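Following: one structure in structure tokens, then a few remarks.
The values are calculated or read from the model by the stated rules, or taken from the named source; none is laboratory data. Because the structure is a prediction, the values reported are computed rather than measured. With ideal geometry, Cβ positions are generated from the backbone for all residues, glycine too; neighbour counts draw on all protein chains shown. For the accessible areas, the whole protein counts, side chains as well, though only heavy atoms, and no ligand, DNA or RNA atoms are used. Shrake-Rupley method; radii C 1.70, N 1.55, O 1.52, S 1.80 Å.
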Amino acid sequence: MMPKKIPFHKWNDILGFQTAQESVEILFYPVEVPDSEKELFLHHKPLSRYRQAYEDVLSNFITMGEFTYELYLATPYFVEIYEKWKQKQDFQWQFLFVSLIGACLATDFPYNHFSKKLNESLPKEIIENHLYSVKIMQEQTKAFISDHFEKLKQLNHTEAQYFCQCLFAILGDREASYIFFLRNFNGCSIVCPYCIDSDEICYEFDWNKINEESTCKLPFHYSDAAGHWYMRGDKSICKPPKEICLAPSAIGQWDWKSYDNDYVWFSNLLYFLGNEESAKKLSYYYGVFTCPNCGKTSIVMDLAKYTMIQNTESDL
């Protein structure tokens, strides 16, 4: 059963601000467009009204990583739009809408909601429909991965990483997916919650900036494509950061059915879609950090989420 949709003409009144419902309404009535308009990343201005609406929704809903309450009204429509393209057996538009939904959901967690008042005043029916829509898309997304895995293996490196990040927002930890999007899978900022007034410690996993100067308390470390590790600003080979004990590889341990363990399924999906580099980075995100100041240990991703929440909590 499809979730209940709130009529478009009521959106502005419910939220109290101008919404992008016109663009969602255009998307609700699928039209055929040239294949060049179905690419994940367009290299030209959209030529069709339909793809322009897609781009408008994407930019309006996830601008600067900010959450918009329009998402709660739009998700029931997104589910039905996806189903329409599925019935048409159009792989590319299914792919694009899974990506769109995932990118939007990455912003949807309590500490990223900009208004407590609006959060508490939204009709219960809207929230329930949104949550129900997400559950439907979770099952649809799992089926999409299973049914189209061979086609997904044809994605290039950039497309595969972005799409996997979108999948993670749908099927995994939202706060973690937000961190992946904010840093484009190239690191995170962490502070030790056990140390009072500790300086921020930032680890970057960007293999293209080996020679840049470090500005944080601990040195940055990088690896080149051959697997050699360097300290930022130092050409000599060194060991991986001693402050982080990498999570053991989980490649080959996924049954392709269970999505309970984020590290296991996500690293395997990245790896088997040809994105081995990003799969390796996950071993940092889910590795164990030992604070050099107090000696306490925590999972890197847990610290990254803690740090993000501390930075945004005052805005609620």
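Structure notes:
Yes/no matrix, rows are residues, columns are (1) without any contact (Cβ under 8 Å) to a residue 40 or more places away in the chain; (2) touching a His at 6+ places or on another chain (Cβ under 8 Å); (3) surrounded by 17 or more Cβ atoms within 10 Å (Cβ to Cβ):
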residue: Asp56; (1), (2), (3): yes, no, yes
residue: Tyr77; (1), (2), (3): no, no, yes
residue: Tyr82; (1), (2), (3): no, no, yes
residue: Gln87; (1), (2), (3): yes, no, no
residue: His113; (1), (2), (3): no, no, yes
residue: Glu125; (1), (2), (3): no, no, no
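- Matching residues, the range 16-46, being touching a Ser or Thr at 6+ places or on another chain (Cβ under 9 Å) and surrounded by 13 or more Cβ atoms within 10 Å (Cβ to Cβ): Thr19, Ala20, Val33, Glu37, Leu40, Leu42
- Annotation note: of Ser298, Ser314, the sole residue that is over 21 Å from the mean Cα position of the chain (by Cα), modelled with pLDDT of 65 or more and either of a type in the set (Lys, Arg) or closer than 30 Å to His113 by Cα (or both) is Ser298.
- Filtered residue count, the range 18-52, keeping only those that are part of a helix (DSSP H, G or I) and either small (Gly, Ala, Ser) or over 23 Å from Thr68 (Cβ atoms) (or both): 4
- Number of the condition not met by Glu66 [criteria: (1) acidic (Asp, Glu); (2) under 18 Å from the mean Cα position of the chain (by Cα); (3) modelled with pLDDT of 95 or more]: (3)
- Residues in the range 125-160 that are of a type in the set (Ser, Thr, Tyr) and either modelled with pLDDT under 95 or touching a strand residue (DSSP E or B) at 6+ places or on another chain (Cβ under 6 Å) (or both): 1 in all.
- Failed item, numbered, when Phe8 is tested on (1) without any contact (Cβ under 8 Å) to a residue 24 or more places away in the chain; (2) within 22 Å of Tyr162 (Cβ to Cβ): (2)
- Scan of the range 1-15 for residues that are open to solvent by less than 30 Å² (accessible area, probe 1.4 Å) and part of a helix (DSSP H, G or I), ordered by number: Phe8, Trp11, Leu15
- Every residue from the range 127-138 that is open to solvent by 30 Å² or more (accessible area, probe 1.4 Å) and under 14 Å from Phe78 (Cβ atoms): Leu131, Tyr132, Lys135, Ile136, Gln138
- Test: residue in the range 3-16 that is within 19 Å of Phe97 (Cα to Cα) and small (Gly, Ala, Ser): no
- Of the residues making up the range 266-278, those that are open to solvent by less than 30 Å² (accessible area, probe 1.4 Å), in contact (Cβ under 8 Å) with a residue 60 or more places away in the chain and either over 14 Å from Ala176 (Cβ atoms) or touching an Asp or Glu at 6+ places or on another chain (Cβ under 9 Å) (or both) number 4.
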